[in-house]
Amino acid sequence: MIDVDGTHTRWGVWSPEQLNRDPDWSSEKSLNSFELLAYLKFAAAITGDEKFENEYRRLIDEEGYLENASHLNNKNPAWQIYFDLTMEGYLFPILLKYEKDPVLKKFYENLANEWMKKQTAGENLINNLTYALATGKKVNVPQTIEFLKDTPLDLVDWTIDHTLREDVQIVREPILEEVQISELPPASIRATVRWDKNPWAAVQGDPHQVREPVFWLWPYWMARYLEIIKDKN
């Protein structure tokens, strides 16, 4: 993705020259390969132009992009950031909806199942719901419903410092490079949410800002659409 200065944006790199042959891009190899496969598959589906499908198959057959994507769920822990989890989730509905090759579709199904299996706490509602949209399997429903019920309506991003608590431990997981707590806080005592932020973070919030309500409205209407929430709920 070329910016106004004629060079690529910071993360907008999907070419084999960088992802397969430049060690500096090793950390982005699996996710960016997976992204480009989804982009090309979507472009092929909505335009009907064979050039997108041809390039999609070329990257799989000649450049190993499917092999690159197969490492999505077992990247080097030092490369993992929580933001990537949400980015990955956006791609599964595209590939599982538009892929017609049964072998490739099974590959994407298995990849999605492995991806969700690592998120048993159900902490990210968007991931729960994009997985349900992609596979038809409704997962972590109690956590999703509880979050929507328990979240405060105050959108001021109050500072939350869990390091002061005595009932949790400070840990370095699920993200190696961040200070986190051992138990996921209920929605009522978390900082206001963006779904690309790590909800396990030990210290969160900036009281100088007010968050947008999209963090609640987006999963709520997705859950309604998927009939996870019905009128009786």
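Annotations
- ILE229 long-range amide H proximity, modeled H, under 5 Å: ARG224
- Note on LYS230/LYS137: beta-carbon distance plugged into 1/(1 + (r/R0)^6) with R0 of 22 Å gives a FRET efficiency of 0.80.
- Entry note, the chain: relative contact order of 16 percent, from Cα contacts under 8 Å with a spacing of 6+ residues.
- The Cβ shell under 9 Å around LEU19 holds other residues with a net charge of -2, Lys and Arg each +1, Asp and Glu each -1.
- In loop segments of the range 72-132 as defined by DSSP, the trypsin sites (Lys or Arg not before Pro) with at most 10 further C-beta atoms inside 10 Å of their C-beta are LYS100.
- Among the trypsin sites (Lys or Arg not before Pro) within the range 132-177, those in coil by DSSP and having at most 16 neighbouring Cβ atoms inside 10 Å are LYS137, LYS138, ARG165, ARG172.
- Taking a ≥ b ≥ c as the square roots of the eigenvalues of the Cα gyration tensor, an a/c ratio of 1.5 or more together with a/b larger than b/c marks the range 140-233 as prolate.
- Considering only PRO142, PRO219, PRO185, the Gaussian network model of the chain with Cα springs below 10 Å gives its largest mean-square fluctuation to PRO142.
- Using 0.36 nm per residue and subtracting the Cα-Cα separation, the extra length available between GLU67 and ILE2 on full extension is 20.8 nm.
- Within the shell defined by Cβ-Cβ distances under 12 Å, the residues around PHE215 carry a net charge of +1, with Lys and Arg each +1 and Asp and Glu each -1.
- Across the range 43-49, coupling constants 3J(HN,Hα) worked out from phi with the 6.51/-1.76/1.60 Karplus curve, θ = phi - 60°, read 4, 4, 5, 8, 9, x, 7 Hz, and Gly and Pro carry x.
- Using C-alpha pairs under 8 Å with a sequence gap of at least 6, the mean separation divided by the residue count of the range 140-233 gives a relative contact order of 32 percent.
- Of the three principal axes defined by the Cα atoms of the chain, the extents in descending order read 54, 44, 34 Å.
- Size descriptor, Kirkwood hydrodynamic radius, that averages inverse alpha-carbon separations across the range 14-95, Å: 13.0 Å
- The range 1-79 and the range 100-166 have Cα centres separated by 24 Å.
- You can think of it this way: the chain between THR163 and VAL210 has 14.6 nm of extra reach, that is 0.36 nm per residue less the Cα-Cα gap.
- Globularity ratio of the range 25-150, using Cα Rg and 2.2 N^0.38 Å: 1.09
- Per-selection metrics, the range 84-210 (Cα): Rg and Dmax in Å: 16.5, 53
- 0 to 90° range, to nearest 10: angle between helix 141-150 axis and the chain longest Cα axis: 50 degrees
Read the figures in this text as sums done on the coordinates, not as results from a lab. For clarity, every value in this text was computed on a predicted model and none was experimentally measured. Cβ sites come from the backbone with ideal geometry, for glycine too, and all protein chains shown count toward neighbours.
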